[in-house]
Amino acid sequence: MDYAIEAENLTKIYSKSKKALNSVNLKVPKGRIFCLIGRNGAGKTTFLRIVGTQLEPTSGRAVVLGHDVVTEPDKIRPRISVVPQEAKVWNFLTPWDYVYYYARLRGISAGEARETCVEALKKLDLYEDRNKLCLQLSGGMKQRVLVSMAIVSGAELLLLDEPSIGLDPISRRQLWSYIRRIVKAGHTIVLTTHYMDEAEALADNVAIIHEGEILSVVDINQILEGNGSSMILEVNGNDVSWVSAYGGEQVIGGKAKIKLDEDEKIMLEIMVKAREKGCRVTFRRPTLEDYFIRLVGGIELESS
């Protein structure tokens, strides 16, 4: 398998007391959406800045598109594009200004820049608004301007750091749709997020990072289809202490969760018990959030 990114024992220390990345080993396949998920401060942005050649590691090695980030950054930069978390558009420029002149800065000729600008703006449904000031655009449209800039360069690898942060639910889903289109056109995307639904909606592969360490790297379908159980029962009521007999755990006052395989006999037994106790039971499939909390929450409980 070809990899866009290969990290070996990648470590970054900002101070003597804190490792932002701690011996990270990670491979990102080409032509996929790879999500790096974790809580704020987990090390997601640090990883992206290193593979984006904006920051040098303290130790270890990262290879991007076959080139070392420390010794060969000039061979990497023309082939990647980055949308930082803190990126913002200026209100008094237009989407056309941003995308066209970014293409020119990337060394694309004027004629080709015009063609690729039209194509990029159409892909992200911005062409009709290309001459509006960004002041007049919604937050979701401004974010799409930034993504348009990333794809107009023709970069093989796009690094998107929390691209949907601050967007409303509809704008987020629109952005997800555009990101899927970009990958179908042959790009590789590495996306950082702490939104579990975003990773579920987009990712082919997921890496969970916590306090600078990779806890798990897995195919998203393996998580959603497995996750240690095939069904989760959520119990609500005044008395949910009885769920412990079925391996359940109380989540918060009046709520509990039971993980189990699809055993009809046990499910029926739980339903009868819930009715006796005056509880309501709902069934659902496992989610990425369940998997994440089990990994990260378990570590935090042990350390507290």
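The values are calculated or read from the model by the stated rules, or taken from the named source; none is laboratory data. All of these numbers come straight from a predicted model, not from anything done at the bench. No Cβ is skipped: glycine too gets one built from the backbone with ideal geometry, and neighbour counts run over all protein chains shown.
Which of the residues that make up the range 131-166 are among the basic types (Lys, Arg) and in contact with a Cys (Cβ under 8 Å, 6 or more places away or on another chain)?
Lys142
Can you list residue pairs whose Cβ atoms sit under 8 Å apart, with the first residue in the range 46-68 being assigned by TED's automatic domain parsing to the domain that holds Asn25 and small (Gly, Ala, Ser) and the second being in a helix (DSSP H, G or I) and buried (at least 17 other Cβ atoms within 10 Å of the Cβ)? Count only pairs 6 or more apart in sequence or on different chains.
Ala62/Ile50; Ala62/Val51
As an exercise: evaluate Leu159 against (1) over 23 Å from Glu200 (Cβ atoms); (2) of a type outside the set (Ser, Thr, Tyr); (3) touching a residue at least 40 places away in the same chain (Cβ under 8 Å) and give the number of the one condition it does not meet.
Leu159 satisfies all of (1) over 23 Å from Glu200 (Cβ atoms); (2) of a type outside the set (Ser, Thr, Tyr); (3) touching a residue at least 40 places away in the same chain (Cβ under 8 Å) except (1).
Where in the range 1-110 are there helices (runs of 4 or more DSSP H), lying wholly inside it, with at least 3 residues that are buried (at least 22 other Cβ atoms within 10 Å of the Cβ)?
Those helices (runs of 4 or more DSSP H) span 44-51, 95-105.
List pairs: first residue in the range 225-244 and within 12 Å of Lys273 (Cα to Cα) and in the same structural domain as Ile270 (by TED's automatic domain parsing), second residue polar (S, T, N, Q) and modelled with pLDDT of 85 or more anywhere in the structure, Cβ distance under 7 angstrom, at least six positions apart or on different chains.
none
Kindly provide the set of residues from the range 116-139 that are crowded, with 18+ Cβ neighbours inside 10 Å and among the small types (Gly, Ala, Ser), ordered by number.
Ala120
Scan the range 155-170 for residues that are in contact with a Leu (Cβ under 8 Å, 6 or more places away or on another chain) and modelled with pLDDT under 90 and report the count.
3
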